[in-house]
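Following: one structure in structure tokens, then a few remarks.
What follows is calculated from the coordinates using simple rules that are stated; it is not laboratory data. In this text, all values refer to a predicted model and were calculated from it rather than measured experimentally. Don't worry about glycine lacking a Cβ; one is built from the backbone with ideal geometry, like all the others, and counts go over all protein chains shown.
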Amino acid sequence: MREHTHLPAMVGFVRKHVAQHFKRRLRRHHPGALNSSATPPFSRTVALSGVCGANGGSPVITGVLTSSLTGTYSGTSASDNTETITVTVTDTNGSLGGNGTDSKLGNFTLTGTTVGNAFSATVTFPSSPGNNGPVFGYFDPQLGAKGSILLTSFQGGSGTTCPSGVPIDNGLCLIGILAMQ
């Protein structure tokens, strides 16, 4: 269960991120990037008792569940719009693997586990070991034409800044939003 320790923070981060997209779409009065044809929808009740100070509530989470995260994703860094991140991910029975390229940091590997649309992994840069470490992601099949991964790093519940300078949200720092290609 250790790999799910930061799941409540990740769920909160994703909820806020998706809400921001809905607000932007309403203000601009033009179609957003949500894919309304993504199926099948799901609705689950989650018990939070004993999880990171949860009050024992049972919120209902509604969304679209993907069958696999396998695919190639690409996007720009949240901290540097000149930095491109591309990764090819393989999701086999909850085991995640991937190979990618960061235009500034070089090649990297991604290894970890998946649960539904979320994953916990370790990123390894052979040529830049100071940037190795845990990452967390969530695949939103409705964000972008084919879906996107929100890639984050966890700085701790009491974290106040992100190493990259992007705003911190509930201990999470956005690394980038990578669209499925």
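Some values worked out for this structure:
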{"read-out": "Local electrostatic count at residue 104 - Lys and Arg +1, Asp and Glu -1, tallied over other residues with Cβ under 14 Å", "value": "-3"}
{"read-out": "Built amide H within the under 5 Å cut-off of residue 70, gap 5+", "value": "91"}
